[in-house]
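Reading through the structure tokens given below for one structure.
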Amino acid sequence: MRPHFTLSSLFGRALPALLCAATLVACEPGDELSRFSGRELRASVNSFEGGLLAILDRYEPERGGCLQLHPDVVATFDGVPLETSPGGPVVERCEFPNDPPFFTGKLDTALFFDAPRNAVMEIRAGDEAIIAEFTNFFGRHTFTLIEPAPVVKPGEEIFLEWDPPTDDLSQLEGVSMNGTVIPAALEGHGVRFTVPANFPTGRFNVGHVGQVTIPAARCEGVARCRSFPWPLYRFAQLNIQP
């Protein structure tokens, strides 16, 4: 016996497909950007070639299990289009945090040697958006460069100011002089430390030990926005003389 279809039954079967075709985003797996409002957006350049990595990571407890971005999400950093990885798969039962969404791209490294200026990252899906403006993201992030290099004696105390002054130095633990780690104390927007009494003479690069954070002047759509300096920067120098 052939199955009997009425017009109403055919319309009922076709309606979901028609609705899906008309609203494709709703039929694709993934969550609205508003579901990520409790997360942290972290962005940093993680290669000497200017490769950018930004992550929408867990920051506050979430309900509803695993989250994944819709495939229509687009992201830019300082106007540069980014590749989007939506995150771990959407499953019916999610007992453990899945892989967070992340974004990758490549920035012009010459920008890190110009005057400091802000950079804006945008993540958009329809009318929803996550926006972060990172303060003085571009430009160098290091101890202030002084030429000629200051002359310091072994056992002498010295203060080095950090550039730019907008960076968060609260996690700094010390300085590194050609691989030798020296404890340092935060003072103003720089560090004060004592050159070891037995330190050899010569000209030495001075780097930082600990994390430096670039704060966000604007952070919309998520709980927190942070960034970190490019790992390649010019070193300040000290001239250690007896």
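A short reminder: the numbers here are calculations on the coordinates, not readings from a lab. Predicted, not measured: the structure shown is a model, and the values here were computed from it. Cβ coordinates were reconstructed from backbone atoms using ideal geometry, including for glycine residues, and neighbour counts include every protein chain displayed.
Between ARG124 and THR201, the modelled label-to-label distance comes to 6.2 nm, taking each label 7 Å out from Cα in the direction of the beta carbon. Extending 7 Å from Cα along the Cβ direction at GLN241 and again at VAL209 yields two label points whose distance is 2.7 nm. Extending 7 Å from Cα along the Cβ direction at THR180 and again at ARG218 yields two label points whose distance is 4.7 nm.
Taking 30 Å as R0, compute the FRET efficiency from the Cβ-Cβ separation of LEU53 and GLU161 and round it to 0.05. That gives a FRET efficiency of 0.55. Charge tally for ILE131 (other residues, Cβ to Cβ under 11 Å; Lys, Arg +1; Asp, Glu -1): -2.
Arrange the peptides 127-138, 217-228, 72-83 so that the one whose residues have, on average, the most other Cβ atoms within 10 Å appears first. Don't skip to the answer; put the middle values down first.
Working: 127-138: 19.5, 217-228: 17.7, 72-83: 15.8.
Top to bottom by mean Cβ count within 10 Å: 127-138, 217-228, 72-83.
Toward the positive end of the charge dipole of the stretch 88-207, with +1 on the Cβ of Lys and Arg and -1 on the Cβ of Asp and Glu, the farthest Cα among VAL181, GLY126, VAL152 is that of VAL152. Computed from the C-beta positions of SER37 and LYS106, the FRET efficiency with R₀ = 22 Å rounds to 0.15.
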